[in-house]
Amino acid sequence: MDEEGTPWFYNLAGEILYVKNDTIKKLELPKIHPSPEIYSLFIFNKFLYITWSKLIRPETYKYSLNDLSKYQKINRNYIFLGVKNKELLAYDLDHMSDSIIIYSVENNKRLIELPIPKKSKQKLILEI
């Protein structure tokens, strides 16, 4: 949901939809995205942030809601978590195997890093 209370969502076909005046409307994006599938989406400060799924590596873009032809590719590949203290937070998919790194998206500032514990060798006890 954006700052004005408009619900936004997407479907498996990569279509972005929103509700306006009790009607579901489809957002018409120019064909500038790298994939038909969306991995993560967030609306913040009149911008649409999308991480597009790709087979090799996802790609994140920032689109202006006032003019969808104005966009920029972001140098990180984010999963968007939400807004806290007026900052859009996300973690970077590129570091998922080592740690979970939380960023302020608009400032590209690292806020928190949580290491992922390595799997320990455990002996399982089975009951027959």
Subject >> Single residue of the range 60-76 satisfying the filter (of a type in the set (Ser, Thr, Tyr) and open to solvent by less than 50 Å² (accessible area, probe 1.4 Å)) that is nearest to the chain's Cα centre (by Cα) >> reply: THR60
Original post:
Considering only the range 1-21, how many residues are surrounded by 14 or more Cβ atoms within 10 Å (Cβ to Cβ), part of a loop (DSSP other than H, G, I, E, B) and either on the phi < 0 side of the Ramachandran plot or of a type outside the set (Gly, Ala, Ser) (or both)?
Top reply: 2
Subject >> In the range 86-117, the residues that are part of a loop (DSSP other than H, G, I, E, B) and surrounded by 16 or more Cβ atoms within 10 Å (Cβ to Cβ) >> reply: VAL105
Subject >> Residue check for LEU29: modelled with pLDDT of 90 or more and open to solvent by less than 50 Å² (accessible area, probe 1.4 Å) >> reply: no
Original post:
Which one of the conditions (1) farther than 30 Å from LYS118 by Cα; (2) surrounded by 16 or more Cβ atoms within 10 Å (Cβ to Cβ) does ILE24 fail to meet, given that it meets all the rest?
Top reply: (2)
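The values are calculated or read from the model by the stated rules, or taken from the named source; none is laboratory data. All of these numbers come straight from a predicted model, not from anything done at the bench. Every residue, glycine as well, gets a Cβ built from its backbone with ideal geometry; the counts of neighbours run over all protein chains shown. Please note that ligands, DNA and RNA were not included when accessible areas were found on the heavy atoms of the full protein model with its side chains. Shrake-Rupley method; radii C 1.70, N 1.55, O 1.52, S 1.80 Å.
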